[in-house]
Amino acid sequence: MTEQQPPEEQAAPRPAAHRGPPIEVAEEVLDARGEHTAGALRLALRDMALESGGRDDVPWVRIARENLVRAAEACVRSPNIRMDMLHCMFAVDYEERIELNYALFSLGNGHKALLKVDVPPDEARVQSLTGMWEAAGWYERETHDLFGVEFDGNPDMSPLILYEGFEGYPGLRSFPLHDYEEW
Amino acid sequence: MRSKPVQLAIAVVLLVGVGVLVAVFTLALALLGEPGDNVTVLTVGKIVIALFALLTLITTLGISLVWLERKQLGRMQGRVGPTRVGPFGLLQVVADGIKLLMKEDVSPGSSSKAIFYVAPLLVFVPSFVVWLTIPLSEDLVVRSLDLGVFFFIAVSVLSIVGLILAGWSSNSKYAILGGFRSAAQLVSYEIPLILGVLSVVMVADSMRFTDVVAAQATVPYIALLPLAFAVFFISGLAEVGRTPFDIYFAESEVVGGPFVEYSGAHWAIFFLAEYVNTFVVAALGALLFLGGWVWPFGEVGQVPAVAVFLGKTYFLAVVIFWVRATLPRLRIDQLMNVGWRLLIPLGFASVILIAVQRFYGWPTWTLTVMSLAALVLAAWVQLRLQRRDAVATAQRYAQRAVTVQPSRRRPTPESQQA
Amino acid sequence: MTTEQAYDTVDMMLNMGPQHPATHGVFRMVLTVDGERVVDVTPHIGYLHRGSEKLAENESYGQVVTLFDRLDYVSNLNNELIFCRAAERLMGIEPPERGQYIRVILAELNRLASHLLFIGTYAIDLGAMTPIMYGFRERERIQNMFESVTGARMMHNFIRIGGVKEDVPSDFVPRVRALLDDVERGVQECDRLLTFNEVFLARTRGVGVIDLPTALSCGLTGPSLRASGLAYDVRKDYPYEVYPYLSYKVPVGENGDCWDRYYMRVLECYESLSMIRQCLDQMEEGPVMAQMRRIARPPKGEVYVHGENPRGDIGVFLVSDGTDKPYRVKVRPPSFCNLVSLRPMMRDAYIADAVAILGSLDIVLGEVDR
Amino acid sequence: MIGTIKGLLTTARWLLKRPVTAHYPEQHLPVQQRYMGFPALLMDDTADEPFCTGCMVCVRECPTQCMSAQMHDNPKFADGSSHRRKIINEFEINLNRCILCGICVDVCAFDAIEMSYEHELASYARTGSRADLTLLLDLGRRYMDMSGWSPENPEKNVAEVALAKRAAAAAAKAASAGDAAATDDPTEDGE
């Protein structure tokens, strides 16, 4: 629709949208803010962290699933982290493992971090974090609906976004998208 | 869109139609005869015809209000309101009525059918019967009773029964909630309404509508009794369930309340009753407080008198719709608070003020002064308790807002060159 | 002996929704009521679940933008912006400055439109029928503006990975300035009609109070959280795009009641107006799209990005496996998380309050259910 | 009290103002210049055939898979009145599925598809929203008339220009006594 624009706009060179050279892969690096958070996290979770990394201002720490509640408590209690908000919780299906991500925010101290827990798909079961954050309840129900992860200790695990009696876990990669017949 | 001449022609037809209606009404009054007449087939026939004429008139007045409300609300909201059917959409309501009559009449399977179908009539009949005593002008009245005001109040209360039965028989949760709400609301607001009317009756010394109007030949009672008018008008709004007191059929809460399960013609009767009631309250306000047909011209001929009265009535109706366009609705407990803690004390204050004035024989202007003083006091209390706090909070929020300064400077051309 | 014991009353379950005028779409809450009092509330969602996140795994990055349009369908451009930011972060590109300005202007205009809609629908929840007309009138003007810029009134697909689709029309700046003056009048009109109205105050002040710790625990964000007294705004705390160049105010409440939540949004309308004016002043000529390959193919990696939507804090978690389709897209929809706080807010509420509280959260079901 | 009075005055003020309503069937709001209505196919008047060669890029890129296309050999290429080897044979858009995202326009290399100004295509039949080639070309014709559309890359896509260019190249080659090789052709095989 360039033709409809007035002539002076036509004269301006069109932004070379589709012609630029491929961009170099950005390194996964933490900025100063992220390093600060990562340092505090390392301190709080030193005996639990299996692996860590991060990008920009969101560091992540992978922990074993037995340690989940302990790690979450450490994140909440540790005075220089104090993650007061469970910003989001979600699962990623890597087929051989389901990765649960807990996005923890500290609005008071300005920290953001991801807590990662791997669960095997055939025995997807972790402790619930509803005791720490009320918000966890709905996230866990959603994750249970879509990925079939069981959360021990969640008082209400009824389906949240699927109906009762829905078979299968549509969030999984193995769930067929197109050749799925609902009725 | 039709052409201008056609529109004008339809408008003329409609005007003539209203004239014919009033004429038929007058004729019906003549036909009705006196209560002492011997009952013959002829008198019964006459009465039936007269009742039909009355019904037609009232229905027309009711649906004229529907049109007025839609048009007025539209204009107040920057819309146009109905425009399609008839000139200025005047026939829109007729079209709606036809549509409603032709719709399938659905009732819930588990409803109590008999009560369910009788309830709309119980709501409509009182609003129809009160017209027996409401005069359109000096002579244009079915029965000018000595206790006309009393008759009106006694009969209009009956419609509550219909609302409760509608809510009860629908066997629906929203309907029963609405029914309970309507019971609580209408019974509560009868009292301030009566107190407001009582003030007028005390000053006019009569319960006959024509006497009350005649007593306002020089000064309308709204100037004399602003407090009583305020109490009467607010509780009148509540009586007919207009915003901000429309809680018993609040769409966003109980989805139509007692009417939620009704459809088709039965719903249309509720709808009509609602607007006829609105008209009745407006007419009552015009009669009791705005001087009916006498003021501002004094006594005039029959037709201008009707016009003056209708004009005042429609004016009050416009005010009612104006309030609807502006205010949100109250909550049930707040509604009760307004009724029992504000309006009833004010109503009693009005009655006591008048009693004192009558007892000591003070000049009538003292009534105005005392009434206004009571009103101002109530307003002052409200401003102090509620508004000042809210405004202070808002100002505090405006000050407390965290100011964010640009954390980065935009690179200016100079800095880029440097 | 209480009345309940004397009369052996039972609580009534009142099913509000999914077809109820006040539930803003297909939201259903089962109220347990004792007369007019709400004893408990159970929200039910999922009636509009379209599986957007799953669909996104089978669409290319460019196509996913259209899915994001349809999440929060009253603030589409904000949604597009957050996804494009996530993809850009993954690819390590930054859009040119003019592109960022256009994005911010459009996002703030969209915020205005969304808040105007909120004011209107909230008023109609409470029974006032005029503000929605005034709000919609101004929103229509904003949407006309969108139409002249993006070509669509609601589903724009205008913000692309790397910038925006095309430059704004040549008369954009004067038109937006005129539009802002109109909209400011419209906001003032709604403000005058509603904010200090006695009935409105009675219905909203002290209703649906939520304190800050509970709000944080429930994940409440956006104006609703700020109404509870915490000045958390992503634009302020984690500035993105050209927000760091702007000066503005973040309104903060105290009581965390419905009136505060409403008033925060009214104040934000004025702030958005001022932000757009600053952007118009600062914007310069230049390209609007970064240099990138035609088909976005981010390197392997994952990124969690969040931004300020009209309804709260929207987050996007994007996993790329190096192909042209995302491996996993997860949206953290603000309305979904705000709904968690419905139950604590509903303590000691009336049925009428339930409507007021739900309205004050300003949920959009397209986003709640995805 | 004061708030209510202010509100009453605000609503009363609108009684005197003009309503903002547009009377829809009589009065249509003007469509903005960039308005994206339903997609339409455009005609190359110089060769009297659509620009579209049926390359299937839009079909593949459509997020809702609302399009289908089929190409065939262009008879006009044989007689030399067109430079397109392949031409669209059947094209169908299910307008019920179309979400007006404009991606098809972005990816088209032939200026063949545009988002037209059409937005009132309601029909009584469910199949009424299936737009076939004829309808799409009609819509495109209307769009071209309304907007004064002209192709973005005429030297590549308009038959007249392309043929003239090719003829010029052939003439130049003939002048330089070289063998006329096949010029680069913009069409590509679909499917």
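Taking all pairs of different Cα atoms in region C:186-258, averaging 1/r and flipping that mean, what Kirkwood radius in angstroms comes out?
Final number for the Kirkwood radius of region C:186-258 is 13.9 Å.
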- Amide H of D:N89: which non-local residues (sequence gap of 5 or more, or other chain) have their own amide H closer than 5 Å, using H built in the peptide plane? D:Q70, D:M71, D:H72
- Placing +1 at every Lys and Arg Cβ and -1 at every Asp and Glu Cβ, with all other atoms neutral, what dipole size does region D:33-163 have around its Cα centre, in debye to the nearest 20? 440
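In region C:1-153, how does Rg compare with the Kirkwood Rh, expressed as the Rg/Rh ratio over alpha carbon atoms?
1.13
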- Task: Using the Karplus curve 6.51 cos²θ - 1.76 cosθ + 1.60 with θ = phi - 60°, work out ³J(HN,Hα) for each residue of region C:180-188 in order, rounded to whole Hz, and write x for Gly and Pro.
- Result: 5, 4, 4, 5, 4, 4, x, 5, 4
- Note on the structure: Interface buried area B-C, accessible surface with 1.4 Å probe, both sides summed, nearest 100 Å², comes to 4800
- Item | Between helix C:131-150 and chain C: long-axis angle, C-alpha atoms, 0 to 90°, nearest 10 | 20
- Task: Quote the charge dipole size of region D:1-107 about the Cα centre in Debye, to the nearest 20; the model charges only the Cβ of Lys and Arg (+1) and of Asp and Glu (-1).
- Result: 960
- Item | Principal-axis tilt of helix C:97-125 within chain C, Cα atoms, nearest 10 degrees | 20
- Which of the helices in chain B meet the span-like rule: DSSP H, Cα axial reach of 20 Å or more, Kyte-Doolittle mean at least 1.6? B:4-32, B:113-129, B:226-240, B:365-382
- Note on the structure: Given backbone amide H placed at 1.01 Å from N, residues whose amide H is under 5 Å from that of C:L230, ignoring those fewer than 5 places away on the same chain, are C:G253
- Here FRET efficiency (C-beta to C-beta, A:R33 to A:R70, R₀ 22 Å, nearest 0.05) is 0.30
- Note on the structure: Taking protein heavy atoms only, a 1.4 Å probe, and rounding to whole percent, the accessible area of region B:106-392 owed to carbon and sulfur comes out at 74
- Query: Could you give the longest part of chain C that holds none of the GluC sites (Glu not before Pro) found in DSSP loops with at most 12 neighbouring Cβ atoms within 10 Å?
  - Reply: C:1-283
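May I ask for the accessible area buried between chains C and D, both sides summed, probe 1.4 Å, to the nearest 100 Å²?
Summed over both sides, the interface buries about 2300 Å².
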- What is the mean number of Cβ atoms from other protein chains located within 10 Å of the Cβ atom of each residue in peptide B:154-167, rounded to a whole number? 0
- Item | Percent accessible area from carbon and sulfur atoms, region D:33-163, protein chains only, probe 1.4 Å | 49
- Query: In whole percent, how big is the carbon plus sulfur part of the accessible area of region C:12-369, probe 1.4 Å, protein atoms only?
  - Reply: 51
- Message: Using alpha carbons only, how many angstrom separate the centre of region D:58-101 from the centre of region D:1-25?
- Response: 52
- Query: How much accessible area is lost when chains A and C come together, counting both sides, with a 1.4 Å probe, in Å² rounded to the nearest 100?
  - Reply: 4800
- Report the local net charge at B:L163: Lys and Arg +1, Asp and Glu -1, summed over other residues whose C-beta lies under 14 Å from its C-beta. -4
- Message: Taking each residue in C:233-240, count the Cβ atoms of any other chain within 10 Å of its Cβ, then average. What number comes out?
- Response: 3
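In Å², what does the accessible area per residue of region C:249-370 work out to with a 1.4 Å probe?
For region C:249-370, the solvent-accessible area averages 23 Å² per residue.
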- Item | Delta accessible area of at least 40 Å² on complex formation, residues of region A:157-177, 1.4 Å probe, chain isolated as reference | A:L160, A:I161, A:R173, A:L177
- Query: Accessible area drop of at least 30 Å² (1.4 Å probe, protein heavy atoms): which residues of region A:70-109 qualify, relative to the chain alone?
  - Reply: A:D84, A:M85, A:H87, A:C88, A:F90, A:V92, A:Y94, A:F105, A:L107
- Item | Sequence-distant residues sharing a close amide H with A:E134 (under 5 Å, placed H) | C:C218
- Message: Name the residue from D:L16, B:V118, C:G163 whose Cα lies farthest towards the positive end of the charge dipole of the protein assembly as shown, charges +1 on Cβ of Lys and Arg and -1 on Cβ of Asp and Glu.
- Response: D:L16
- Once you sort the root eigenvalues of the Cα gyration tensor of region B:33-148 as a ≥ b ≥ c, which label holds: rounded (a/c under 1.5), prolate (a/b larger than b/c) or oblate (the other case)? oblate
- Message: Distance cut-off 19 Å, Cα to Cα: go down the list D:K86/D:K156; A:K112/C:K300; B:K113/B:K173; A:K112/C:K236; C:K249/C:K330; C:K54/C:K330 and report the pairs above it.
- Response: A:K112/C:K300; C:K249/C:K330
- Item | Folded to 0 to 90 degrees: helix C:76-91 orientation relative to chain C principal axis, Cα | 50
- Based on Cα positions only, what radius of gyration and what Dmax would you give for region D:75-124, in angstroms? 14.8, 43
- Note on the structure: Note on region B:106-392: alpha-carbon gyration tensor, axes a ≥ b ≥ c; rule is a/c under 1.5 for rounded, else prolate if a/b larger than b/c, else oblate; result oblate
- Task: Return the residues of region D:85-101 for which accessible area with all protein chains present is lower than in the chain on its own by 30 Å² or more; set the probe to 1.4 Å and exclude ligands, DNA and RNA.
- Result: D:I99, D:C101
- Message: Could you tell me the extents of region C:286-325's C-alpha atoms along the three principal axes, largest first, rounded to whole Å?
- Response: 33, 33, 12
- Contour minus Cα-Cα span, D:H72 to D:A168, at 0.36 nm per residue, comes to 31.8 nm
- Message: Please report, in whole Å³, the volume per residue of the convex hull around the C-alpha atoms of region C:12-369.
- Response: 118
- Message: At 1.4 Å probe radius, can you tell me the per residue accessible area of region A:44-122 in Å²?
- Response: 35
- Top of B:S137, B:S206, B:S252 by mean-square fluctuation, Gaussian network on chain B, Cα under 10 Å: B:S252
- Projecting the Cα atoms of C:L112, C:A56, C:L194 onto the charge dipole of region C:12-369, where Lys and Arg contribute +1 and Asp and Glu -1 at Cβ, the residue farthest towards the positive end is C:A56
- Item | With DNA, RNA and ligands ignored, accessible area of B:S64 (1.4 Å probe; Å², nearest 10) | 30
- Message: Test of understanding: given chain B, find the longest segment containing no GluC sites (Glu not before Pro) that are in a DSSP loop and have at most 16 other Cβ atoms within 10 Å.
- Response: B:105-298
- Query: Accessible area per residue, 1.4 Å probe, Å², for region D:33-163: what's the number?
  - Reply: 45
- Message: At 222 nm, what value in deg cm²/dmol follows for the protein assembly as shown if DSSP H runs of at least 4 each add -39500 (n - 2.57) and the sum is divided by all its residues, to the nearest 500?
- Response: -15500 deg cm²/dmol
- Query: Could you list log10 I(q)/I(0) for region B:242-383 at q = 0.18, 0.21 Å⁻¹, which the Debye formula gives when each Cα is one point scatterer?
  - Reply: -1.24, -1.31
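If the convex hull of the alpha-carbon atoms of the protein assembly as shown is projected onto planes in all directions, what is the mean projected area in square nanometres?
Hull-based average projected area comes out at 58.0 nm².
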- Note on the structure: Probe 1.4 Å, all chains present, heavy atoms only: B:M370 accessible area in Å², nearest 10, is 40
- Based only on Cα atoms, what Rg/Rh ratio does region B:159-291 have, Rh being taken as Kirkwood's radius? 1.07
- Message: Output needed: percent of Cα pairs per 10 Å distance bin for region D:33-163, bins running from 0 to the one holding the longest distance.
- Response: 13, 46, 33, 8, 0
- Task: Once you have the Cα-Cα distance between B:V161 and B:M102, take 0.36 nm times their residue separation minus that, and quote the gain in nm to one decimal.
- Result: 18.5 nm
- Task: Ignoring everything but the protein chains, give the 1.4 Å probe accessible area of B:W267 in square angstrom, nearest 10.
- Result: 80
- With charges only on Cβ, +1 for K and R and -1 for D and E, what is the dipole size of the protein assembly as shown about its Cα centre, in debye, rounded to 20? 3460
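The values are calculated or read from the model by the stated rules, or taken from the named source; none is laboratory data. Every value quoted in this text rests on a predicted model; they were computed, and no experiment measured them. So basically every Cβ, Gly included, is an ideal-geometry build from the backbone, and we count neighbours across all protein chains shown. To get the accessible areas, we keep the full protein, side chains included, count just its heavy atoms, and leave off ligands, DNA and RNA. Shrake-Rupley method; radii C 1.70, N 1.55, O 1.52, S 1.80 Å.
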